[in-house]
Amino acid sequence: MKKPLIVLICLIAITVLVLSAGCIGEENINPTDIASPNDNALQAELQEIATEYSYMLVSNMQDMLREEKNKLSIQDDFCNDLYFSEPEWDKVNKGYYITLYSRSGYYCGPIFFFDENGVRIKTAEEVFTLSPTYGLTFNPIWANYTIVTLDKVNPKFASEVTSYWLK
């Protein structure tokens, strides 16, 4: 009688492991976890990428500020509230595009896109620099994904931006 019980317990354990294996991978994230950003592993990964690419963010910030009419404060004008514009027709490429902007201030850092199943969608770029007037164009399909951004400005990036750019 003990042998069938041990076999049954082993089968249940294996079934539980197999069913939970999909939740272990780094690409599978519960979409409800990303809806309210906080100091979690996803934010830590975003900050790590922002630190690694801070030299690129500083360079991109310089480019963006050439286009901005107003100077931006690194500490006060960080904005992670991003949105896509309405689709627009591109006469040259004969197709629609949308532009990703920040609602106010600037955003400099990585952005993760997740589909409705919580799977991260790879982008061509590692980090993004956006403002209300300086955006990046995307295929309209990107508007279907959930956007996850940094909660706060990356400290290394903020320390590398000189006072020249501040208000």
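At-a-glance table
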{"item": "Built amide H within the under 5 Å cut-off of LEU136, gap 5+", "result": "LEU100"}
{"item": "Per-residue ³J(HN,Hα) for segment 136-144, Karplus 6.51 cos²θ - 1.76 cosθ + 1.60, θ = phi - 60°, Hz, x for Gly and Pro", "result": "10, 8, 9, 5, x, 4, 5, 5, 7"}
{"item": "Residues with amide H under 5 Å from that of ILE121, placed H, sequence gap 5 or more", "result": "PHE113, PHE114, ASP115"}
{"item": "In Hz, Karplus ³J(HN,Hα) per residue of segment 98-111 (6.51, -1.76, 1.60; θ = phi - 60°; x = Gly, Pro)", "result": "10, 10, 8, 10, 9, 6, 7, x, 10, 10, 10, x, x, 9"}
{"item": "Listed residue pairs exceeding 27 Å between alpha carbons, taken from LYS94/LYS152; LYS71/LYS91; LYS91/LYS152; LYS71/LYS122; LYS71/LYS156", "result": "LYS94/LYS152; LYS71/LYS91; LYS91/LYS152; LYS71/LYS122"}
{"item": "At R0 = 25 Å, FRET efficiency that the Cβ-Cβ distance of MET56 and ASN93 yields, to 0.05", "result": "0.45"}
{"item": "For segment 37-165, alpha-carbon Rg over 2.2 N^0.38 Å", "result": "1.06"}
{"item": "Relative packing of peptides 41-47, 87-93 - highest average C-beta neighbours within 10 Å first", "result": "41-47, 87-93"}
{"item": "Surrounding net charge for MET64, when Lys and Arg each add one and Asp and Glu each subtract one, Cβ distance under 13 Å", "result": "-1"}
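Computed from the coordinates by the stated procedures, all read-outs in this text should not be read as laboratory data. Given the structure is predicted, the values throughout are model-derived calculations rather than measurements. Cβ: placed from backbone, ideal geometry, glycine included. Neighbour counts: every protein chain shown.
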